[in-house]
Amino acid sequence: MSNRSNRKCATGKVGFCSQRRAMMACARIAANSRRDYLPERAYHCWRCGRWHLTSQPKEG
Ligand SMILES: [Zn+2]
């Protein structure tokens, strides 16, 4: 497991240490944002070992 939590992921996305944290952030974004583009779910990233948010229905 990678412990380099301060390194930016190759995806350029914000990484969360757990799915729960990612989903909490997802809910917060959805509540505060006026954007059309909103994250819908979290997925585990094999690049950095953390969780990212995506609006894509498939793994990305
Ligand atoms: Zn990542």
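Selection over the range 31-53 of residues that are closer than 12 Å to ALA10 by Cβ and outside any loop (DSSP other than H, G, I, E, B) gives a count of 1. Only one entry of ARG28, ARG20 meets the criterion of being at pLDDT 95 or above and away from the ligand (no atom under 16 Å from the Cβ), and that entry is ARG20.
The values are calculated or read from the model by the stated rules, or taken from the named source; none is laboratory data. Everything numeric in this text was worked out from a predicted model, so none of it was measured. Cβ atoms come from the backbone with ideal geometry, glycine included; neighbour counts cover every protein chain shown.
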